[in-house]
Amino acid sequence: MPYLIPTRTPLTPEQVEQGFDYLLALQTGGGTYAAGRVEATPELAFVLLRLAEDIIWPVTAVDGKATDLSADSFALDEVGCVLLSALRDWARDSPTTAVLGTARNIIRFIENVIPDPDNHGDTNATLEAMREEHLALAHTAHSAPGAHR
C-alpha cells in the first residue's frame with residue numbers, strides 16, 4: 001500500500017552513516033556495545049525508522065506492475081505495512097527506547113529475508129553493501145541542483 005510511505009526528503013549522508021554505524025555496532029557487539037558507541041537519541045530513532053522503511057518496504061510491497069501476484073504477495077505486503085506501522089508508533093511514542101528495537105528489527109529482517117551479496121551468510125557484509133548503496137543515494141540526492149541542504 002504505497003500511500004503508507006509518504007514522499008519525503010532523502011536522508012543526508014551523515015544520517016546514513018549514523019544509522020549504519022549503529023546497526024553495525026549492534027550486529028558486531030550487541031546492545032551494550034552499540035549503546036556505548038552511539039547515543040540513542042530521537043534523531044537516531046528517526047534515522048533508523050527511515051532506514052527500516054527504505055529496507056523493508058521495497059522487499060514487502062506489492063508491485064503494481066507485477067503480473068504474477070498471489071495471495072502470498074498481498075500477505076507479505078500487509079506484513080511489511082504492519083511492521084513499519086508498529087515501528088513508526090514506537091519511534092513516535094518513545095524515540096530513545098525505539099532505537100534499539102528498530103535496529104534489531106532491521107537486522108533480523110536482513111538476516112532472514114535479504115541474501116548477503118557474497119552468499120556467505122554474513123549480515124555485516126550485507127549491511128556494508130547497503131550502507132554503500134544508501135550513501136551513494138544520499139550523496140546524489142543532496143548534491144543535485146536545488147537539493148535540500
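Worth a mention:
- FRET efficiency, 1/(1 + (r/R0)^6) with R0 30 Å, evaluated for THR140 and ALA86 via beta carbons: 0.45
- Stretch gain in nm, segment THR9-GLU111, where the contour uses 0.36 nm per residue and the Cα spacing is subtracted: 34.0 nm
Each value in this text was obtained by applying a stated rule to the coordinates, not by laboratory testing. Since the model is a prediction, treat every value here as computed from it, not as a measurement. Quick reminder, even Gly has a Cβ in these numbers, built from the backbone with ideal geometry, and neighbours come from all protein chains shown.
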